[in-house]
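FYI, it's all coordinate maths here, none of it is from the lab. Please read these numbers as outputs of a predicted model, since none were measured by experiment. All Cβ positions, glycine included, derive from the backbone under ideal geometry; neighbour counts span all protein chains shown.
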Amino acid sequence: MFDFFWNLGSFILALGILVTVHEYGHFWVARKAGVKVLRFSIGFGKPLLKWHDKYNTEYVIAAIPLGGYVKMLDERVDEVPANQRHLSFNAKSVQARIAIVAAGPMANFLFAIFALAVMYMVGVQTIKPVVGSVVEGSRAEQAGIMPTQQIIKIGDDDISNWQDATFSLMSHLGDKSVAVTLRNENYQQTVQTLNLDGWKLDQQDVPPLTSLGIVPFRPQATLVIAAITKNSAAEQANLQVNDVILAVNGETMSSWQQLVNLITQSANKSLQFSVKRQDSIKTIIVTPNSRVVSNGVEQGFLGVAPVVEQWPDDFVETRHYGPLDSIVLGTKETWRLITLSFDMIGNLITGQVSVKNLSGPVGIAVGAGTSVSYGLVAFLSFLALISVNLGVFNLLPLPVLDGGHLMYYIIELFRKKPVSEKTQEFGFKVGALLLIFLTCFALFNDVSRL
């Protein structure tokens, strides 16, 4: 229950920030263009808080925190007195209307630059992209990629961490192959060709690296219990923190993964644990709980976390940057996220990326909650990513989105006359249906992940 409210609160905070930024972009440019703004609302439904400024603009914080809007004076919507027609949105030039509509997504992109710049100034902890293992028979093994090698370049992209590697590989979706430059422990470099012909992200929640057979290096999990979930099977069986798991049903446990595999296959089955507690060996009967994962598969769940070995000193590096360098890096990273987002939309259309990977509000809420729990740097990175996605999504040429309005205004710019009201109304209906379908599909994906 705590996780639910933590994720919900983090979601409301993240979405509130990003919606405010987006709508303020529209608001600020509208004011500069001489349009009268009637209402600036964060959220929909019943107002929880509202006030007015000296221009008689109403500011509202509403009960349903799933978006927001800026209502402007517009003769197409309301009756406008003759002495205020020059202040209405529809009376402005098409160039001014384009600027007002485009300002929302642009504000999201600028906010991403700001968030990333702050992140770089605070300090970014990076982990070297060292290969931990390679899946047998995978594309990575066929390319000659080996454990302990560090990825330093993919194609023309320099790689300094696993996020770089993931984004670079995703940008090569649809390519026949890509050159991967690797460095071994003796600093000898080799270039291997990774076959990408026919590679797709067609499985739900399978990361690009995993689908290629690359398992990043991670410190080993030991068989010492570090934490126990409240009301879990482990707590009910009286397992304790610092217990060392030696054997289960007489089978010696040699790794944490071996234990995990055994537990997942033993839902509601009694197991005899042999554990070392201080200086004595104890026998404890444990019955793992059952939980249903993807595709309705039932798995056992114990409710413990292991003590994990420390990272090697030279694997983890924290980098701090000055203000100017941070802005430059933030701009570059934002541009990379923008281009990657458009690439992913194209790959969804062509089938290179499965629609199963679409995520909706629930997925965003979980991501927000997780990033907040990891600290400021992770939350800023999450905000930047979602801000870019929000900006890109709003630029899609669906009439109910900013991109749809821009499409109509650009047509008007070239035709020298507006698109007919009938055509616009039909477009809005089709766009609304498509948007509802996408939202429902993304929610379905979210629920299937729970």
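Below are the figures for this structure:
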item	result
Residues whose placed amide H lies under 5 Å from that of I159, excluding near-sequence neighbours	K153, I154
30 Å Cα-Cα reach of K269 towards lysines, excluding residues that sit fewer than 8 places from it in its own chain	K230, K282
Alpha-carbon gyration tensor eigenvalues x 5, square-rooted, for the chain, Å	48, 28, 21
Calculated [θ] (222 nm, deg cm²/dmol) that DSSP helices of n ≥ 4 give over the chain, each run adding -39,500 (n - 2.57)	-14500 deg cm²/dmol
Helix runs (DSSP H) in the chain reaching 15 Å along axis by Cα, Kyte-Doolittle at least -0.5	2-32, 94-122, 323-350, 361-374, 376-394, 402-415, 421-449
Cα gyration tensor category, rounded, prolate or oblate, for the range 1-126 with a/c compared to 1.5	oblate
Among F426, F40, F11: highest mean-square fluctuation, GNM of the chain, C-alpha pairs under 10 Å	F426
Alpha-carbon centroids, the range 10-42 and the range 93-135: separation in whole Å	18 Å
For the chain, the longest site-free run once GluC sites (Glu not before Pro) in DSSP loop states with at most 14 other Cβ atoms within 10 Å are removed	310-450
Out-of-range pairs (alpha-carbon distance over 23 Å; input K153/K176; K176/K332; K71/K92)	K176/K332
Residues of the range 43-59 with amide N under 19 Å of the 7 Å Cα→Cβ point at Q84	51-59
Percent breakdown of C-alpha pair distances by 5 Å bin, ordered from the shortest bin, for the range 38-91	5, 20, 23, 18, 18, 11, 4, 0
Cα gyration tensor category, rounded, prolate or oblate, for the range 232-315 with a/c compared to 1.5	oblate
Radius 13 Å from Cβ of T190, net charge of other residues (Lys, Arg +1; Asp, Glu -1)	+1
Exceeding the 26 Å Cα-Cα cut-off - candidates K36/K417; K54/K417; K54/K429; K32/K422	K54/K417; K54/K429; K32/K422
Fewest-first sequence of D164, D53 by Cβ atoms within 10 Å of each Cβ	D53, D164
Residues K153, K276, sorted so that the one with the fewest Cβ neighbours within 10 Å comes first	K276, K153
Cα gyration tensor category, rounded, prolate or oblate, for the range 170-277 with a/c compared to 1.5	prolate
